[in-house]
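Here the structure is laid out as structure tokens; the discussion comes afterwards.
The values are calculated or read from the model by the stated rules, or taken from the named source; none is laboratory data. Just so it is clear, the structure is predicted and the values come from calculations on it, not from any experiment. Cβ atoms come from the backbone with ideal geometry, glycine included; neighbour counts cover every protein chain shown. Surface areas here come from the heavy atoms of the whole protein model, side chains and all, with no ligands, DNA or RNA. Shrake-Rupley method; radii C 1.70, N 1.55, O 1.52, S 1.80 Å.
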Amino acid sequence: DEWAAAKTLVKPPDQLELTEAELKEEFTRILTANNPHAPQNIVRYSFKERAYKPVSYVDQMAIHFSLNGNMILKDSDEGRRQSIRLSTAAEKAPVETSAVTSEEAEIKDEESTGDTQAAGEEEAEESGTAEVAEAAEAEEPLPPRVKEQKLANQFNFIERASRTLNNPMRERACQSEPTPCKNFSATANQWEIYDAYVEELQKMERSKEKEKTKAQIAKREEEKKKGRKLTSLESQSDDITKISKTAKIMERMVNQNTFDDIAQDFKYFEDASDEYRDQQGTLLPLWKFQYDKTKRLAVTAISWSPKYKDLFAVGYGSYDFMKQGQGMLLLYTLKNPSFPEYVFSSESGIMCLDFHNDHPYLVAVGFYDGNVAIYNLKKATSQPSYKSSAKSGKHTEPVWQVKWQKDDMDNNLNFFSVSSDGRIVSWTLVKNELVHTDVIKLSVEGTTMQGPEGLQLQTFGCGTSFDFHKKIDYLFLVGTEEGKIYKCSKCYSSQFLDVFEAHHMAVDSVIWNPYHLKVFISCSSDWTVKIWDHTIKTPMFIYDLNSAVGDVAWSPYSSTVFAAVTTDGKAHVFDLSINKYEALCTQLVVVKKKNKITHIQFNPVYPVVIIGDERGHVTCLKLSPNLRRMPK
């Protein structure tokens with residue numbers, strides 16, 4: 001039974017697995033008498049028609065086996081002769097031969113009938129006569145006789161073979177579960193080694209102090225733990241400061257290798273196609289500066305450092321008064337585009353900033369909530385070193401611009417700020433406190449309203465931007481939300497030197513020309529950029545840029561070159577000495593919809609501009625040779 005059971009297991013690997021229904025399905029085959037291998041297209045030459053003709057009849061018979069035999073008919077002469085010969089031989093053989101058994105006799109008969117070859121017959125005759133003679137001589141049978149008689153058997157023999165069953169192969173395999181592996185790795189830092197030593201010492205101390213009461217031990221352990229935390233923190237900060245400078249240099253090297261093509265373009269690439277452009281120019285995008293935490297914020301202010309020509313500060317906030325949140329101040333360097341050098345966060349959005357000329361580590365900042373502050377880059381805190389408060393007379397509206405002034409008589413640092421509340425305020429740093437003085441209030445003429453109980457109410461203009469004259473210290477300009485530009489003096493707090501009816505909407509920026517002392521430029525949301533002489537009431541040039549103008553900037557290398565950015569994502573660069581009527585370059589800088597450019601600044605030394613947008617990105621672009629021609 002076991003063998004049978006084992007046999008059934010063996011199954012050819014390519015056997016089909018069929019269902020009952022498939023097994024029962026019948027397939028009919030029709031057998032025909034035609035030979036499938038018979039050729040159908042035999043062609044023979046017909047001598048009658050003298051042409052090759054296909055043979056219509058083909059022999060369909062297939063012979064599977066043929067054998068030429070040597071059989072002789074019994075009735076033929078040859079057959080009779082043979083039968084007589086065999087019968088005489090049988091008669092002559094003596095009956096007494098006991099060795100010849102009945103079986104052998106049968107065999108002999110078979111042989112005699114089967115032996116039909118001539119050679120066989122002769123041998124049989126000879127052997128028969130010899131046997132007769134021997135039998136006559138000696139009656140006793142001899143064993144050789146039997147053997148000799150068996151000589152006639154040479155054409156008939158039986159082969160018997162039996163085959164044993166092969167044992168079916170059985171395979172048994174068992175797979176064990178692999179032992180679980182765990183990777184363990186740890187870094188040994190200085191302070192971890194220190195902690196380990198401290199723990200070891202404490203263990204030794206504990207073993208000594210076992211005799212003392214448990215309460216005391218518990219108290220001591222707590223104290224030690226506190227102490228250990230402090231020491232580890234101290235040593236950690238020490239170690240980091242040791243390698244911070246090296247790490248910074250390494251990071252800059254890696255970045256320079258990563259952005260090698262951009263660095264090469266910044267340093268060496270000059271657009272040769274400018275020669276064929278007929279005075280037109282292009283802006284080549286270089287690095288893009290972005291930081292994860294400022295994705296939702298807009299760039300509200302940009303300023304280059306006066307000392308380090310590759311360092312610039314970016315203020316982040318929001319121009320949408322419905323979506324006000326936190327702000328950030330980041331300082332980037334062109335040497336490391338992937339991460340800011342300094343990061344400061346604030347509760348309110350930053351609206352403007354300005355570097356101090358003589359102390360480039362001091363940055364004045366104006367906030368959306370009306371506060372102003374001074375950040376000191378030398379201090380490692382994320383909070384401003386000095387900040388105004390409601391007590392110290394902060395603005396009641398957003399601060400739109402701040403500007404450092406020369407130190408006052410007592411060598412105190414001071415800066416000015418302008419806000420929508422109509423006040424221009426001078427802030428002085430006295431004994432680590434910001435003290436404010438109102439320089440001027442932007443009253444709008446002919447708008448005094450009669451209030452309750454006969455009170456005279458004055459409506460104030462909303463200041464949005466201002467700029468101080470490069471040479472005449474007391475002279476400054478203020479742009480307002482009403483579109484007017486006021487020419488003011490620090491000496492008069494209630495009067496203006498002049499009022500320009502400049503724009504129909506808010507003045508976004510107003511800037512004196514760095515070379516020409518009488519000229520200034522203004523831009524507005526009414527799509528225009530205007531260039532003025534402060535001694536003349538009407539503008540000298542007016543440019544319509546087909547979209548609200550966010551910012552405008554004079555170039556540091558030429559008195560006739562300026563750039564403006566519009567909310568449709570374009571940057572425009574003009575050179576009045578080449579073309580007074582249209583821009584030499586108008587280029588799309590930001591592509592995404594709902595993204596507007598907010599600010600632009602020229603680098604004081606390198607031929608690059610930086611442009612900020614509402615998505616928190618700052619893009620650096622290189623001016624092509626046509627856009628930075630030095631005036632004669």
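Could you list, in sequence order, the residues of region 374-392 that are among the small types (G, A, S) and free of Cβ contacts under 8 Å to residues at least 24 places away in the same chain?
Scanning region 374-392 gives A380, S385, S389, A390.
What number of residues within region 170-198 satisfy the criterion of being charged (D, E, K, R), within 30 Å of R220 (Cα to Cα) and in contact (Cβ under 8 Å) with a residue 24 or more places away in the chain?
Residues of region 170-198 charged (D, E, K, R): 170-172, 177, 182, 192, 195.
Subsequent filtering for residues that are within 30 Å of R220 (Cα to Cα) retains 192, 195.
Of the ones still in play, those that are also in contact (Cβ under 8 Å) with a residue 24 or more places away in the chain are 195.
Residues meeting the conditions: 1.
When residues of region 488-498 are filtered for being open to solvent by 30 Å² or more (accessible area, probe 1.4 Å) and assigned to a strand (DSSP E or B), how many remain? Reasoning before the result, please.
Going residue by residue through region 488-498, those that are open to solvent by 30 Å² or more (accessible area, probe 1.4 Å) are 490-498.
From what's left, assigned to a strand (DSSP E or B): 498.
Within region 488-498, residues that are open to solvent by 30 Å² or more (accessible area, probe 1.4 Å) and assigned to a strand (DSSP E or B) number 1.
Restricting the search to region 499-510, which residues are in a loop (DSSP other than H, G, I, E, B) and surrounded by fewer than 19 Cβ atoms within 10 Å (Cβ to Cβ)?
If the condition is that a residue be in a loop (DSSP other than H, G, I, E, B) and surrounded by fewer than 19 Cβ atoms within 10 Å (Cβ to Cβ), then H504, M505 are the ones that fit.
Output yes when any residue across region 549-556 is at pLDDT 85 or above and touching a helix residue (DSSP H, G or I) at 6+ places or on another chain (Cβ under 9 Å), and no when none is.
Scanning region 549-556, I find at least one residue that is at pLDDT 85 or above and touching a helix residue (DSSP H, G or I) at 6+ places or on another chain (Cβ under 9 Å), so the answer is yes.
All but one of (1) among the β-branched types (V, I, T); (2) part of a helix (DSSP H, G or I); (3) open to solvent by less than 90 Å² (accessible area, probe 1.4 Å) hold for V58, so report the exception by its number.
Here V58 meets the rest and fails (2).
Is there a residue in region 462-469 that is assigned to a loop (DSSP other than H, G, I, E, B), open to solvent by less than 80 Å² (accessible area, probe 1.4 Å) and modelled with pLDDT under 85? Write out each step before concluding.
Step one: filter region 462-469 for residues assigned to a loop (DSSP other than H, G, I, E, B), giving 462, 469.
Right, trim to open to solvent by less than 80 Å² (accessible area, probe 1.4 Å) and you get 462, 469.
Checking the rest, the ones that are also modelled with pLDDT under 85 come to 462.
Yes, that holds for at least one residue.
Can you give me the ranges of the strands (runs of 3 or more DSSP E) entirely in region 325-407 with at least 3 residues that are under 22 Å from T598 (Cα atoms) and open to solvent by less than 10 Å² (accessible area, probe 1.4 Å)?
327-333, 350-355, 362-367
So which of S389, S385 is more than 40 Å from the chain's Cα centre (by Cα), hydroxyl-bearing (S, T, Y) and more than 16 Å from V425 (Cα to Cα)?
Every option except S385 fails the conditions.
For the condition within 30 Å of N257 (Cα to Cα) and more than 34 Å from the chain's Cα centre (by Cα), what is the one hit in L362, L330, L377?
The match here is L377.
Let me confirm something: among V605, V609, which residue is at negative phi, in contact (Cβ under 8 Å) with a residue 60 or more places away in the chain and touching a Lys or Arg at 6+ places or on another chain (Cβ under 6 Å)?
V605
For region 436-457, state whether one or more residues are open to solvent by less than 30 Å² (accessible area, probe 1.4 Å), modelled with pLDDT of 85 or more, closer than 30 Å to M322 by Cα and not in a loop (DSSP other than H, G, I, E, B).
Scanning region 436-457 turns up no residue that is open to solvent by less than 30 Å² (accessible area, probe 1.4 Å), modelled with pLDDT of 85 or more, closer than 30 Å to M322 by Cα and not in a loop (DSSP other than H, G, I, E, B).
Could you list, ordered by first residue, the pairs with Cβ atoms under 6 Å in which the first is in region 412-435 and closer than 21 Å to Y486 by Cβ and at pLDDT 85 or above and the second is open to solvent by 20 Å² or more (accessible area, probe 1.4 Å) and among the aromatic types (F, W, Y), at least 6 apart or interchain?
So the pair list comes out as F415/W404; V418/W400.
So, of the residues in region 285-324 that are in a strand (DSSP E or B) and over 21 Å from Y375 (Cβ atoms), which turns out to be most open to solvent (accessible area, probe 1.4 Å)?
K288
Suppose we keep only residues that are of a type outside the set (A, V, I, L, M) and open to solvent by less than 20 Å² (accessible area, probe 1.4 Å) within region 594-619. Which one would you say is modelled with the lowest pLDDT? Quick ask: steps written out before the conclusion?
Within region 594-619, the subset of a type outside the set (A, V, I, L, M) is 594-596, 598-599, 601-604, 606-607, 612-617, 619.
Still in the list and also open to solvent by less than 20 Å² (accessible area, probe 1.4 Å): 595, 598, 602-603, 612-613, 616, 619.
Working: N595: 84, T598: 89, F602: 92, N603: 91, G612: 92, D613: 89, G616: 87, T619: 92.
Per the stated criteria, the residue is N595.
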